Amino acid sequence: MLDRDDQEIMLRGIGVSPGICIGMAYLVDKEGVDVIKRYSVPETDLENEKNRFKTAVKKAKDHLNGIIGNTPEDFRDHTDILETHAVLLKDKMLYGKTIEIIDQERINAEWALKKVVSDLQTMFKNMHEPYFRERAADIVHVSDHIMRNLVGAEHANIKDIDKRVILVANDLSPAETSQIQLEWIMGFVTDLGGTTSHTGIIARTLEIPAVLGLDDVTEVIRNDDLIAVDGSTGEIIIHPTEETLVRFVKRRIEYEAHKAIIMRGSCLPAETLDGLAVQVMGNIELPEEVVSVRDHGGDGVGLYRTEFQYLSRSGFPGERELFDKYKDVVEVMMPKPVTIRTLDINGDKAVARHSEASEKNPALGLRGIRYCLKNPDVFKTQIRAILRAAAFGNVKILFPMVSGHDEVIEAKRMLDEVAESLSKEGTEFNRDIEIGVMIEVPSAVIMAEVMAEEVDFFSIGTNDLIQYTLAIDRGNRHVSHLYQPLHPAILRMLRHVTDVAENTDVKVFMCGEMAGNPIYAPILLGMGIGELSMNPQSIPVVKRMIRSLKVEDARLFVKDVLKETTAERITKLLQDSYGDMVSEFII
Amino acid sequence: MSHSVKEFLKDVVIINELGLHARAAARIAEVAGNAKSKMWIIKGDEVVDAASIVDLLTLGCAKGSNITIKIESLSDVDTLNRVAELIENGFGE
């Protein structure tokens, strides 16, 4: 193996959350055990090699016994499988065979184990009884455990991180991110993902620098490597030299200073030069983030994503639990509004136990309002919690993934049913709240006129709208360059929705990523979108941008923009007209 | 050897619902591990090591399977009886 301990390595990915961090890498790599190296072992070292294997097995066994020992008697039923695994560890066919192969073939323990396991797997896979066929999984599980100990990979239990680290992973599922003790995380570095991935959103929300989409960074970085991350440029440096470190520290100081300047004006209202006040609000995912919205000068919570409480748990959260959180958020924000979006479990945020079967195409599957209407119990529990929290402040309710008129009617009917039962019970609640739908499915854009009769506001979710309209999977790097907010089709759709809103007195908000980028503010303002909701960190910069604009100019500008026929030309027009203004705010 | 071969063998039937599943096999292997000489489980033409779960599982013994336990030394009769008992009691399920 190459000795590259002192060598500085520079990699570039997608900087999705700005900021600089320098620290130790912590690898979360579930697939690390799949890559097994084969090398021969000299006869004199065979004894050592066998001992290395025995130690790995012993460690695995101790680990299992530890878990069994820590399980209360009442739950011992669940440890049966672990006890079986503990016996399997020392099984002749696995343990004895591996040692035999190390001896006979003079190869490393990892390879010997891999060989034994793949033979066993083949044997089991050929069996008739499904039960016995599945036992191959137990063997794989046990051997993975040994393998992890052999190759020295940590047990990927990110719950247990207890030092300040930079998290390095192939990808992080929402369930994983929700387990992390975030105060220990200085930065995120991953192979997969991009600006709009869940990890990206979380990183930005929590103001943790993140560089994603690095392809095979988990192959290059090792546990405890020193790395420097620049979430603004997407640069990461492994084994930085003294010189690089100085450069990064300097950049960090600059970044903090710049942030301080932007923050200074954050509490001033976002009023255009010609006197139009725009509401600039924050998107939140964790209830705690409401503080961040307030600190960044947000005029309310424009989008409260409620999925978090449903993740990484067995069963659904109860009404009381949901109500407590909603009430917290609403009270902190009082008297400013909080728009609570009902459960939008989707492909990205899927919870295995809640989806009956894994869907082949979850983005087009049972998610959002569709899921809720199919699971009225889950939906009603949440609506009850929302209506009850509404008694404590300014609440709006927002239904996601609406694709047609009937879904709105059905959702509103359930809302009324819930209100009626709350009223019968004599529980304190408020039904008199504004109702909105997300405009994120192209059919909802087309049907905007009809839906306007049923709702008080539209909230445009640009991320999904762009994805569905342009048929782009935003997680797929091969097509992600086609994900263009400035595509003329998207802008025409926005125009249609804002026209409908103007003619029908329905309010129109925007809560997608597009709202949080100051460069788009002239277009959004020019179209008449009066409320923007974004990551709390973007609030100050967007407010600043709005304060430098004139609505009259923006309206004329939009007319020009809509005449253009390609995203490229629109981008150029926008850059030429407003690029300089924006560059002052962004590093 | 003058002893009848019979004494070294014992036929049993798997009676529990799941057959000789992983945990059951683990229990047999654990007991068989105490034998001083080898202990074998025979099903049809196949002979496997009673001390190996993996081996036992490869027999694929569903409920109702007839199997034979075989020992190589009389000193393991107790162990043989304990294994037989386990199986006949359906592993206490």
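The values are calculated or read from the model by the stated rules, or taken from the named source; none is laboratory data. In this text the structure is predicted, and so the values were computed from the model without any measurement. When we count neighbours, we look across all protein chains shown, and the Cβ atoms used for this are built from the backbone with ideal geometry, even at glycine. The accessibility values were calculated without ligands, DNA or RNA, using every heavy atom of the protein model including side chains. Shrake-Rupley method; radii C 1.70, N 1.55, O 1.52, S 1.80 Å.
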ask   = Any residue in region A:257-269 that is under 23 Å from the mean Cα position of the chain (by Cα) and more than 23 Å from A:GLY193 (Cβ to Cβ)?
value = no
request  = Consider only pairs whose beta carbons are under 9 Å apart and that are at least six residues apart or on different chains; among these, list those whose first residue lies in region B:78-93 and is surrounded by fewer than 13 Cβ atoms within 10 Å (Cβ to Cβ) and whose second residue is of a type in the set (A, V, I, L, M) and in a helix (DSSP H, G or I).
outcome  = B:GLY92/B:LEU86; B:GLU93/B:ALA24
Matching residues in region A:501-515 - criterion: being in a helix (DSSP H, G or I) and of a type outside the set (Val, Ile, Thr) = A:ALA501, A:GLU502, A:ASN503, A:GLU513, A:MET514, A:ALA515
Residue tally, condition in a helix (DSSP H, G or I) and farther than 19 Å from A:PHE323 by Cα, over region A:365-387 = 6
request  = Name every residue in region A:141-184 that is of a type in the set (Gly, Ala, Ser) and at pLDDT 70 or above, in order of residue number.
outcome  = A:SER143, A:ALA169
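Confirm whether A:ARG135 is in a helix (DSSP H, G or I) and open to solvent by 50 Å² or more (accessible area, probe 1.4 Å).
Considered against the rule, which asks whether it is in a helix (DSSP H, G or I) and open to solvent by 50 Å² or more (accessible area, probe 1.4 Å), A:ARG135 comes out as no.
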Which numbered condition A:LYS97 misses (of (1) within 14 Å of another protein chain (Cβ to nearest Cβ); (2) at pLDDT below 85) = (2)
note = With the first residue restricted to region A:269-282 and required to be among the charged types (D, E, K, R), and the second required to be in a strand (DSSP E or B), Cβ contacts under 9 Å at 6 or more apart or on different chains are A:GLU271/A:ALA277; A:GLU271/A:VAL278
query = Say we look at region B:45-77 and pick out the residues that are touching a helix residue (DSSP H, G or I) at 6+ places or on another chain (Cβ under 8 Å) and away from chain A (no Cβ under 14 Å); which of these is most open to solvent (accessible area, probe 1.4 Å)?
reply = B:GLU72
task = Have a look at A:TYR326, A:TYR371, A:TYR304, A:TYR310 and point out the one that is modelled with pLDDT of 80 or more, open to solvent by 10 Å² or more (accessible area, probe 1.4 Å) and hydroxyl-bearing (Ser, Thr, Tyr).
result = A:TYR371
request  = Go through region A:109-136 and give me each residue that's under 37 Å from the mean Cα position of the chain (by Cα), without any contact (Cβ under 8 Å) to a residue 12 or more places away in the chain and within 10 Å of another protein chain (Cβ to nearest Cβ).
outcome  = A:TYR131, A:ARG133, A:GLU134, A:ARG135
request  = Go through (1) surrounded by fewer than 24 Cβ atoms within 10 Å (Cβ to Cβ); (2) touching a residue at least 24 places away in the same chain (Cβ under 8 Å); (3) hydrophobic (A, V, I, L, M, F, W, C); (4) under 25 Å from A:GLY579 (Cβ atoms) and name the single condition A:LEU482 misses.
outcome  = (2)
ask   = Could we say that A:ARG252 is open to solvent by 30 Å² or more (accessible area, probe 1.4 Å) and in contact (Cβ under 8 Å) with a residue 24 or more places away in the chain here?
value = yes
ask   = Has region B:13-31 got any residue that is of a type outside the set (Lys, Arg), at pLDDT 90 or above and over 25 Å from A:ILE81 (Cβ atoms)?
value = yes
ask   = So which of A:VAL441, A:VAL437 is open to solvent by less than 40 Å² (accessible area, probe 1.4 Å) and either more than 17 Å from A:ILE340 (Cβ to Cβ) or in contact with a Pro (Cβ under 7 Å, 6 or more places away or on another chain) (or both)?
value = A:VAL441
inquiry  = If the requirement is being aliphatic (A, V, I, L, M) and crowded, with 22+ Cβ neighbours inside 10 Å, which of these qualifies: A:LEU387, A:LEU422?
reply    = A:LEU387
note = The number of residues in region A:431-458 that are touching a Lys or Arg at 6+ places or on another chain (Cβ under 8 Å) and not β-branched (Val, Ile, Thr) is 7
request  = Look at region A:281-325 and say how many of its residues are within 26 Å of A:PHE458 (Cβ to Cβ) and in contact with a Ser or Thr (Cβ under 8 Å, 6 or more places away or on another chain).
outcome  = 18
query = From the list A:GLY516, A:GLY512, which residue is in contact with a Pro (Cβ under 9 Å, 6 or more places away or on another chain) and open to solvent by less than 60 Å² (accessible area, probe 1.4 Å)?
reply = A:GLY512
ask   = Taking A:THR218, is it over 24 Å from A:ASP464 (Cα atoms), under 21 Å from the mean Cα position of the chain (by Cα) and modelled with pLDDT under 85?
value = yes
ask   = If you scan region A:551-570, which residues turn out to be surrounded by 17 or more Cβ atoms within 10 Å (Cβ to Cβ) and of a type outside the set (A, V, I, L, M)?
value = A:ASP553, A:PHE557, A:GLU564
